[in-house]
Amino acid sequence: MYMALKDLSLCILNFEIKFHVLRMNGGIGEASYANNSLVQQKVISLTRPIREEAITSLYYKKIPRTVSIADLGCSSGPNTFFVVTEIIKAIENLCRELNQNSPEYNVFMNDLPGNDFNNIFRSLDSFKQNLMISNNNNNKFEKNSCGPCFLFGAPGSFYGRLFANTSIHFVHASYSLQWLSKVPEGIENNKGNIYMSSTSPLNVLNAYYEQFRRDFSFFLKCRGEEVVEGGVMVLTFLGRRSDDPSSKECCYIWELMAAALNQMVLEGIIKEEQMDAFNIPQYTPSPSEVKLEVQSEGSFTINRLEVSEVNWNAYENNWNAMDSESEEFESLIDGGYNVAQCMRAVAEPLLVSHFGEDIIENVFSRYQTLLTDSMSKEKTKFFNVTVSLTRNA
Ligand SMILES: C[S@@+](CC[C@H](N)C(=O)[O-])C[C@H]1O[C@@H](n2cnc3c(N)ncnc32)[C@H](O)[C@@H]1O
């Protein structure tokens with residue numbers, strides 16, 4: 001017992017060292033993730049058919065009296081409840097179609113401990129109200145027809161066990177699994193870059209890939225223990241189509257941020273050693289890399305593996321449907337600002353922890369200029385790799 005407690009405390013210590021700086025900007029301010037996550041919301045909408053297919057297959061196999069759903073890397077903002085509401089709605093639709101009673105729901109919201117969980121819990125009432133409203137809007141539902149829903153926070157890294165053995169039926173993760181458990185080791189020679197890039201030495205590309213393999217394989221092992229037999233997972237990574245890990249598809253967005261930081265090195269605002277020691281703990285996998293890891297780990301079978309695309313400037317997707325006088329149309333014109341804000345919501349805590357708070361406005365103002373320039377010259381897109389999996393018997 002003593003050993004077990006000691007191991008646990010070491011585990012927690014390592015965990016805090018690795019993770020305390022990775023989090024999205026909390027709250028509801030101008031630079032918050034809650035106000036700058038439209039791209040991620042578009043991705044959730046794009047992948048809806050894959051989730052619905054996975055839920056249908058789960059339901060037809062066996063629907064338990066209590067369905068346990070986990071959203072991993074849920075963050076805090078409008079997307080947090082958007083996904084869960086959709087999943088419950090899809091199950092409720094199936095219940096009506098098959099003339100079954102609604103199940104009860106356990107909903108687990110997971111993210112790293114630094115996430116703004118308070119913001120999630122404060123929105124609980126409106127989530128429950130929305131659930132009823134969405135069901136009532138759908139003609140198939142009677143008022144208050146949704147099964148009881150119990151919400152739990154599950155703080156911790158998904159690169160480790162989060163739930164009891166064979167207790168979860170549906171796992172969802174969108175735009176969270178591209179975050180690695182740490183910056184890969186041995187990449188001190190990635191000079192002038194902050195992520196993989198076309199100028200990164202080969203050992204850097206290999207180190208990033210190896211870190212992804214270790215992390216994703218361990219993720220699958222942990223979920224393999226937690227998900228019930230026949231249970232499903234739908235995972236969407238920020239990824240790439242190309243087999244080349246340094247392809248512009250996934251690296252360009254960070255290359256432009258590196259360009260902003262390098263300008264500041266040249267002007268003596270940032271020290272070169274500081275720049276060289278900064279790398280983003282992310283890996284944007286290709287579909288074949290995801291497939292290889294799932295197959296070699298062995299706990300899950302792939303039902304579907306797809307790549308989709310979304311514009312860097314999420315407002316651009318609505319271009320045709322927009323009123324040219326509207327505020328949304330105005331935002332579209334300022335695409336560089338939108339993308340810089342989206343990236344700021346995601347990367348600011350990492351930058352602050354490494355370079356300090358003082359440089360932040362300067363970095364993002366330069367980044368915005370570089371983004372605006374490149375977006376005026378070419379079509380710029382994020383690529384999403386979505387995989388739907390079933391837990392093997
Ligand atoms: C870009 S946000 C996506 C949030 C939400 N799923 C969405 O689609 O809007 C990525 C989230 O993953 C979380 N995350 C990253 N690594 C994690 C880990 N190892 N364990 C749990 N959450 C993690 C981050 O803290 C962040 O909130």
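Coordinate-derived values only; no laboratory data. All values derive from a computational prediction rather than experimental measurement. With ideal geometry, Cβ positions are generated from the backbone for all residues, glycine too; neighbour counts draw on all protein chains shown.
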Next item on the list: Provide, as a two-decimal number, the C-alpha radius of gyration of the chain over 2.2 N^0.38 Å, N being how many residues it has.
Entry: 1.00
Next item on the list: Compare E357, E52, E92 in a GNM of the chain, Cα atoms joined below 10 Å, and give the one with the largest fluctuation.
Entry: E357
Checklist line | Relative contact order (%) - the range 25-391, alpha-carbon pairs under 8 angstrom, separation at least six | finding: 21
Item checked: Cut-off 20 Å (backbone N to label point 7 Å along Cα→Cβ of T301), residues of the range 47-89 -> 50-64
Item checked: Share, in percent, of DSSP beta bridges within the chain that are antiparallel, nearest 5 -> 45
Next item on the list: Treating the angle as unsigned and between 0 and 90°, give the value, to the nearest 10°, between the Cα long axis of helix 48-61 and the longest Cα principal axis of the chain.
Entry: 30
Notebook entry, point to check: Along the charge dipole of the range 25-391, which of V43, A164, L180 sits closest to the positive end, that is, farthest toward it, with unit charges on the beta carbon of Lys, Arg, Asp and Glu (+1, +1, -1, -1)?
Noted result: A164
Next item on the list: Could you let me know the centre-to-centre spacing of the range 232-311 and the range 338-372, using Cα atoms, in angstrom?
Entry: 18
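Among 217-224, 262-269, how do they line up by average Cβ neighbours within 10 Å per residue, starting with the highest?
Details: 217-224: 18.5, 262-269: 13.6.
Going from most to least packed, we get 217-224, 262-269.
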Check: By how many degrees, between 0 and 90 and to the nearest 10, does the Cα long axis of helix 287-297 differ from the longest principal axis of the chain?
Finding: 60
Note to self: Charges at C-beta only: +1 for Lys and Arg, -1 for Asp and Glu. How large is the resulting dipole of the chain about its Cα centre, in Debye rounded to 20?
What the structure shows: 1420
Notebook entry, point to check: Ordered by packing density, taken as the mean number of other Cβ atoms within 10 Å over each peptide's residues, highest first, how do 189-197, 270-278 rank?
Noted result: 189-197, 270-278
Check: Which one of Y59, Y252, Y175 has the biggest mean-square fluctuation once the chain is modelled by GNM with Cα springs under 10 Å?
Finding: Y59
Next item on the list: Could you calculate the FRET efficiency of E104 with T166 from 1/(1 + (r/R0)^6), where r is the beta carbon distance between them and R0 is 22 Å, rounded to 0.05?
Entry: 0.80
Note to self: Amide H of Q178 versus every other amide H placed in the peptide plane: which residues, excluding those fewer than 5 positions away on the same chain, fall under 5 Å?
What the structure shows: L238
Checklist line | Rounded tilt (10° steps) of 78-97 against the dominant C-alpha axis of the chain | finding: 30
Next item on the list: Arrange D334, D116, D71 by Cβ neighbour counts within 10 Å, fewest through most, would you?
Entry: D334, D116, D71
Item checked: Approximate spin-label separation R96-N203, in nm, with each point projected 7 Å along Cα-to-Cβ -> 6.1
Notebook entry, point to check: For the charge dipole of the chain, defined by +1 on Lys and Arg C-beta atoms and -1 on Asp and Glu C-beta atoms about the Cα centroid, which residue among N303, S32, A340 has the Cα displaced farthest towards the positive pole?
Noted result: N303
Check: Quick one: length gained pulling K291 to D358 fully straight, 0.36 nm per residue minus the C-alpha distance?
Finding: 19.9 nm
